[in-house]
Number of protein chains: 2
Amino acid sequence: MTLRDVSEASGVSEMTVSRVLRDKGDVSAATRAKVKDAAKRLGYVPNRIAGSLASSHVNLIAVIIPSLKNMVFPEVLSGISDGLDDTDLQPVFGVTEYRPEREEKVLFEMLSWRPAGIIIAGLEHSDPSRAMLAQAGIPVVEIMDTDGDPIDACVGISHRRAGREMGEAIVAAGYRRIGFMGTQMPLDHRARKRFEGFTRTLAKSGIEITDRDFYAGGSALTKGREMTQAMLERHPDLDFLYYSNDMIGAGGLMYLLDQGVDIPGQIGLAGFNGVELLDGLPRKLATMDACRYEIGTRAARIIAARVLGQDPGEERVQLTPRIDLGDTLIRG
Amino acid sequence: MTLRDVSEASGVSEMTVSRVLRDKGDVSAATRAKVKDAAKRLGYVPNRIAGSLASSHVNLIAVIIPSLKNMVFPEVLSGISDGLDDTDLQPVFGVTEYRPEREEKVLFEMLSWRPAGIIIAGLEHSDPSRAMLAQAGIPVVEIMDTDGDPIDACVGISHRRAGREMGEAIVAAGYRRIGFMGTQMPLDHRARKRFEGFTRTLAKSGIEITDRDFYAGGSALTKGREMTQAMLERHPDLDFLYYSNDMIGAGGLMYLLDQGVDIPGQIGLAGFNGVELLDGLPRKLATMDACRYEIGTRAARIIAARVLGQDPGEERVQLTPRIDLGDTLIRG
DNA sequence: CCTTAGGAGGGGACTGCTCTATCCAGTTGA
DNA sequence: TCAACTGGATAGAGCAGTCCCCTCCTAAGG
């Protein structure tokens, strides 16, 4: 089923059929109708592979993210999808599982389809990946993070600063014996940067983290409970627990409520991400919004503008995450 | 940057370069090394658009799902991704937002890339969509649901049966005044089928739903709280609440625990999906596993086998969801 | 020692399907 | 009558794969 079939069925040249289907060039209304009718009758679906090869235009935007298991990324994808909605650009997703070698592979695969642009999470990439991104000759937007040197454009928040601000709020509130719980992911650079920003800020006030723990796999809520229990058994005198994400934070919160602990009096809590989930918990966990959806839309707008040859405006966008003290952090 | 550039840089024909890069045909180790070296030095990324056009082989599997906002689908995607992992097939995702006209558009877009197979959620499609699927001439696997006539292959669970079994468990446990809460989505056929199976089963025992309510948008957990409160104000004598998904069910559970209601003595609760989240709640919500991950892997295996010309085995797979009574449904 | 078969290594020509660029014929209007 | 369009056709390009062919070397047979 090709242009030829449609052209034969409608009695005009392939050229004319192509023009009708792409709404380009001048074709009389009568011919147009004839062609469209034939195409519909035959169930013709244009072959974009041939089309893209001929025109060297591809309407795909490659989107590379670490994971789908964490709700953070689907939200970014929604933003991208919405930001691209009024263009004919189409996002295509690839998942790296936080592994650099996977990232390389996924990137290579994606580039082999000659997309019109790339949106990729993070600023840390292997040398081959950076080389591919730089050489591709298409707009590249690195998202989520702004602590580092972008290859091209960039939209995100500063995770160092996010960690710092939370640290400041905690110190200001008077907490001093602080425990940290996070995910066991050396390759999650954003979590690492938050942690660094956090500890560095505490250090300025002469405070050192009392305990820390990392987990891998399993239900985040359950892990949050277990880790919190274990940490408090090790250090019953902790007065604050900072979690690297809201899910384990929520688990910790549930555990402490079960135990009848006074929150935020005896122990304060904070997470990160601002997940919607928190709104329904008995006590609202302090957190920090990661601007996920907006990151998606802004990145998409930059890509769209660049691809369509318009002015993309600001190309290094640093969004400001809002801290939300919720009910689990005393106002300092 | 094309095969020609690599061929010129390495001093062999384009043909030989192509063979080296695809690991096909006999090429001496020396030549192979020379070519690979040149390709790497130039940062050559093969053009799959041209490759696919030439070979009429595309390694893409189109995956069409209603939404990314519900964790159900990312889990299915993980399954698909894992199921395809040992092949060179690559999933490509499209999202319909539960809208048939979006589905048509997404399907058309995807088919225009001539994928090797399609995995699509649900059995209900518009006539044009069905026509496209049937005419595409590639394996089609409809997933999530088995209540209906698949176009080709099919992997899922029976949502009617899921509703029925939950209804039976509730009746067996002795509950009689039952309320239902769900999402306001006429186009979520699976939720509808569960509801039908549920009410029909109750009817057999002479029970009619006492109240029902539907919501749209907003945080599911919060909505669950609000709807539960509202429904109990309307009907304080309800003794069971069935939620169409675990998130609103969890919200309801939180509300009732806050209120000090005896669960499951005074009021029983059940949700649907078996989301991981439930494991960390103070009380485990009764639910039913939707086999999300397995649906993904099975669908992927069928597609892979068909595409590779192997025996796909069973092509109409009905999985059996396990009911989990948790702590919120008296054992009947 | 020569012949010959066979295989390994590599090249040439053409193809896939659509789009771009260019060109032509017919029409319209001044 | 000629210029300016309009509707439509023809030719060629885009890049890598398939099919088929050729060359050269090795090894076995006579």
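The values are calculated or read from the model by the stated rules, or taken from the named source; none is laboratory data. All of these numbers come straight from a predicted model, not from anything done at the bench. Glycine gets a Cβ as well: all are built from the backbone with ideal geometry, and neighbour counts include every protein chain shown. With ligands, DNA and RNA removed, areas are computed over all heavy atoms of the protein, side chains included. Shrake-Rupley method; radii C 1.70, N 1.55, O 1.52, S 1.80 Å.
See the values below:
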read-out	value
Among the candidates A:Ser28, A:Ser7, A:Ser13, A:Ser18, residue that is surrounded by 17 or more Cβ atoms within 10 Å (Cβ to Cβ) and more than 7 Å from DNA strand C (Cβ to nearest atom)	A:Ser7
Test: residue in region B:86-109 that is within 16 Å of DNA strand C (Cβ to nearest atom) and either assigned by TED's automatic domain parsing to the domain that holds B:Ala305 or in contact with a Phe, Trp or Tyr (Cβ under 9 Å, 6 or more places away or on another chain) (or both)	yes
Any hit, region B:183-193, residues being at pLDDT 95 or above and surrounded by fewer than 16 Cβ atoms within 10 Å (Cβ to Cβ)	no
Hey, B:Ala33 more than 8 Å from DNA strand C (Cβ to nearest atom) and either part of a helix (DSSP H, G or I) or surrounded by fewer than 18 Cβ atoms within 10 Å (Cβ to Cβ) (or both) or not	yes
Any pair with Cβ under 8 angstrom, 6 or more apart, that starts in region A:8-26 at a residue that is part of a loop (DSSP other than H, G, I, E, B) and ends at one that is near DNA strand D (Cβ under 6 Å from one of its atoms)	A:Val12/A:Thr31
Odd one out for B:Asp23 among (1) at pLDDT 90 or above; (2) within 14 Å of DNA strand C (Cβ to nearest atom)	(1)
Number of the exception - A:Gly167 against (1) crowded, with 20+ Cβ neighbours inside 10 Å; (2) over 30 Å from A:Thr297 (Cα atoms)	(2)
Those residues of region B:41-57 which are charged (D, E, K, R) and either within 6 Å of DNA strand C (Cβ to nearest atom) or open to solvent by less than 80 Å² (accessible area, probe 1.4 Å) (or both), in sequence order	B:Arg48
Residue count, region B:65-121 (criterion: more than 9 Å from every other protein chain (Cβ to nearest Cβ), open to solvent by 40 Å² or more (accessible area, probe 1.4 Å) and within 27 Å of A:Leu107 (Cβ to Cβ))	4
Only one of B:Gly280, B:Gly252 that is within 12 Å of chain A (Cβ to nearest Cβ), touching a residue at least 40 places away in the same chain (Cβ under 8 Å) and either in contact with a helix residue (DSSP H, G or I) (Cβ under 7 Å, 6 or more places away or on another chain) or open to solvent by 10 Å² or more (accessible area, probe 1.4 Å) (or both)	B:Gly252
Only one of A:Ala62, A:Ala38 that is open to solvent by less than 30 Å² (accessible area, probe 1.4 Å), free of Cβ contacts under 8 Å to residues at least 40 places away in the same chain and more than 8 Å from DNA strand D (Cβ to nearest atom)	A:Ala38
Hey, A:Leu257 open to solvent by less than 30 Å² (accessible area, probe 1.4 Å), outside the structural domain of A:Asp152 (by TED's automatic domain parsing) and either at pLDDT 95 or above or not charged (D, E, K, R) (or both) or not	no
1 or more residues over 30 Å from B:Val140 (Cβ atoms) and not aromatic (Phe, Trp, Tyr): qualifying helices (runs of 4 or more DSSP H) within region B:216-332	B:220-234, B:246-258
Residue in region B:92-102 that is more than 24 Å from A:Val45 (Cα to Cα), out of contact with any strand residue (DSSP E or B) (no Cβ under 6 Å at 6 or more places or on another chain) and among the β-branched types (Val, Ile, Thr) present	no
Matching residues in region B:214-223 - criterion: being touching a strand residue (DSSP E or B) at 6+ places or on another chain (Cβ under 7 Å) and open to solvent by less than 40 Å² (accessible area, probe 1.4 Å)	B:Tyr215
Any hit, region A:57-66, residues being modelled with pLDDT of 85 or more and part of a helix (DSSP H, G or I)	no
Which listed residue, of B:Arg48, B:Arg19, is within 8 Å of DNA strand D (Cβ to nearest atom), under 26 Å from A:Ala136 (Cβ atoms) and more than 14 Å from chain A (Cβ to nearest Cβ)	B:Arg19
